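To keep things clear, I will list the structure first and then write my remarks on it.
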Amino acid sequence: MSVPCPQCGRLYTWNGQRCCNRYCRLGSSLPPEIDHTERRRKAFLAAGGRPARAIWVPDWYGLDPPRLEIGRTAEYLFFPAWKEDERLRLQFYTGLPSGMPHAAWGTIASIQHAQFGPIRLIDAGGLDYHIVLIDGKEYCVNAEEQPGQLFEKHGEEWPESSMQIDDWTFTIEFSALADLEPMQKNA
């Protein structure tokens, strides 16, 4: 049966008596769960945030933030690090350090690297990370078999790059970043 829930708009369960969305559960005897990610998103969109700076050092093997792109608004995970110029300096959470990460919604203003320069996009969603510079140059970084091995796009080919990266630390500036919240179990 395809009956939309009058509360959340998703489809009811098969009998049309209750909503099966765990964050709604209209008509169910179970209380709805709290969708912490959605709650944080709505708070960020309503209140905005403040400028912030974060560093990201890749840990490779698909453990890194999946996509960093100028202008992208999304939820990011961090470890609070230290204060710098009256702004909190953060380090992106990659899954390897111990401890509980903090979450915050934010909008990326710029991405910088000492050797690449200004970057438009880093797609770390797989086992090869794709980096696109502001000037359009594209690089691919192996993140599994030989982490850090760099390839540069020339036409349709991806030969190994002659550039040697000494330090993989990226600096990400946020035009707006919400207050950090410790992650919840079901967040």
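The table below lists the values:
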| quantity | calculated |
| --- | --- |
| Residue in the stretch 90-102 that is in contact (Cβ under 8 Å) with a residue 40 or more places away in the chain and either touching a helix residue (DSSP H, G or I) at 6+ places or on another chain (Cβ under 8 Å) or more than 21 Å from HIS36 (Cβ to Cβ) (or both) present | no |
| Qualifying residue in the stretch 106-113 (condition: touching a Lys or Arg at 6+ places or on another chain (Cβ under 6 Å), in the same structural domain as SER175 (by TED's automatic domain parsing), modelled with pLDDT of 95 or more and in a loop (DSSP other than H, G, I, E, B)) | no |
| Residues located in the stretch 124-139, provided they are within 19 Å of the chain's Cα centre (by Cα) and over 14 Å from TYR61 (Cα atoms) | ILE131, VAL132, LEU133 |
| Test: CYS24 is touching a strand residue (DSSP E or B) at 6+ places or on another chain (Cβ under 8 Å), at pLDDT below 85 and surrounded by 13 or more Cβ atoms within 10 Å (Cβ to Cβ) | no |
| Residue within the stretch 57-68 that is over 22 Å from ASP167 (Cα atoms), modelled with pLDDT of 80 or more and of a type outside the set (S, T, N, Q) present | no |
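The values are calculated or read from the model by the stated rules, or taken from the named source; none is laboratory data. Just so we're clear, the structure is a prediction, and the values are computed from it rather than from any experiment. Virtual Cβ from ideal backbone geometry, glycine too; neighbours counted across all protein chains shown.
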